[in-house]
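Since the structure comes first, as structure tokens, the remarks are kept for the end.
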Amino acid sequence: MQPVPDVLESDIRAAYAAIAPHVRRTPLIEAASPIAGASPISLKLEFLQHAGSFKSRGAFHNLLTRAAPPVGCATASGGNHGAAVAYAAAKLGVRARVFVPEIAAPPKIAKIKAYGAEVVVHGAAYADAQALCDAYVAESGALAIHPYATATTIAGQGTVGLEWEEDIARLGLPPIDTALVAVGGGGLIAGVAAWFDRRAKVVGVEPEGSRALDAALAAGRPVDVPVKSAAADSLGARSVGALNLAIAQRAVDHVTLVADAAIRAAQQWLWREMQIAVEPGGAAAFAALASGAYRPAAGERVGVLVCGANVELDALAALVAG
């Protein structure tokens, strides 16, 4: 069996040096906790990243460090990663084909097309789109950009943690004790956990109906799980990758699960209290705190990664109005 590679702080620093000219250094803000009497929270506003999510970091890292053939690159995505690859490919002059499942939100598909990529809609779930993408890559020789399961992607996503920790220090704020991070396939949490490497406790947050990392940690190996969640188009991976799991086993404290109702309530709170409009997956980490699924200790400094903005505005308006 081939040894599973690792992603180290040095890999993330190298990734940041490569992508820094191409990505936004997204802001962080201190905000009152939704828990009465708790310490202020640190919000990393990664939903302000190009293409609306952290995924642009991994997309740029892949395209800047791996050569694409004339046929271009290909990827499968629930939407956010596809938009990020389409955006990065357009900026770097690379052709892109993006495979998305039928559950992908129309605004995400529209964004992918607007960036100039070819879109192929296939299958009921992300795994179906990934299978067709794999077949296309094998036939065409296109550069495959996996949304979460490779060291190149994980190192790119880990630059979120680098910025977060550096900006906390630059602003003279107390370090965070805990980072709450939403989990789909595990690329973001693997990168953030690899960066903090126990300098902060990293806690994964998954929807109750889409718990690929929680199940993998329990089984000690990646396993397939059913996916049924309001956040399925961004947190709907059927299983995590081997490298994602290996990093989580050494560097993620635990996973907490949140109900769809808690995610929707978090979307409402973020809009009403802070005028932050995010998709369900982007609100999941905050939902863990606001719902009590994660309960900080007295004086614990909690950081929340707000990771995705590609929300259907009509749906958000109806949610907030309700």
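Here P(r) over Cα pairs in 20 Å bins from 0, in percent was calculated from the structure, and among (i) 26, 27, 21, 22, 3; (ii) 32, 54, 14, 1; (iii) 36, 60, 4 it sits at label (iii). To the nearest 0.05, what FRET efficiency results for Met274 and Val121 with a Förster distance of 51 Å applied to their C-beta separation? Calculated value: 0.90. With contacts taken as Cα pairs under 8 Å at a separation of at least 6 residues, the chain carries a relative contact order of 20 percent.
Each label point was placed 7 Å from the Cα along the Cα-to-Cβ direction; for Leu8 and Asp197 their separation is 0.7 nm. The stretch 168-281 gives an Rg/Rh value of 1.00, both radii derived from C-alpha positions and Rh following Kirkwood.
Database remark: amide H of Val120 closer than 5 angstrom to the amide H of Val98, Phe99, Val100 (H placed geometrically; neighbours at sequence offset of 5 or more, or on other chains; Pro and chain starts carry no H). Each other residue within a Cβ distance under 12 Å of Val225 adds +1 if Lys or Arg and -1 if Asp or Glu, for a net charge of -1. Here the scattering of the stretch 40-104 is modelled by Debye summation over its C-alpha atoms, one equal scatterer each and no solvent; at q = 0.18, 0.22 Å⁻¹ the log10 of I(q)/I(0) is -0.64, -0.87.
For the stretch 56-144, the convex hull drawn through the C-alpha positions has a volume of 73 cubic angstrom per residue. The local environment of Val278, defined by Cβ-Cβ distances under 12 Å, has a net charge of -2 under the rule Lys, Arg +1 and Asp, Glu -1. On a per residue basis, the convex hull of the C-alpha atoms belonging to the stretch 1-120 measures out at 183 Å³. Which translational diffusion coefficient, to the nearest whole µm²/s, is obtained for the stretch 122-184 from the Stokes-Einstein equation, given a Kirkwood hydrodynamic radius over C-alpha pairs, 20 °C and 1.002 mPa s? Approximately 145 µm²/s, per Stokes-Einstein.
With 20 Å as the limit on Cα-Cα distance, the pairs of Lys55/Lys228; Lys44/Lys111; Lys91/Lys111 that go past it are Lys55/Lys228; Lys44/Lys111.
The mean sequence separation of alpha-carbon pairs under 8 Å and at least six residues apart, normalised by the residue count of the stretch 96-239, gives a relative contact order of 19 percent.
The stretch 211-286 to the stretch 83-106: how many Å between their Cα centroids? Rounded to whole Å, the Cα centres lie 22 Å apart. Net charge in the neighbourhood of Arg238 (other residues with Cβ under 10 Å of its Cβ; Lys, Arg +1, Asp, Glu -1) is -2.
No lab work stands behind these numbers, since they all come straight from the coordinates. A quick note: this is a predicted structure, and the numbers were derived from the prediction, not measured. When we count neighbours, we look across all protein chains shown, and the Cβ atoms used for this are built from the backbone with ideal geometry, even at glycine.
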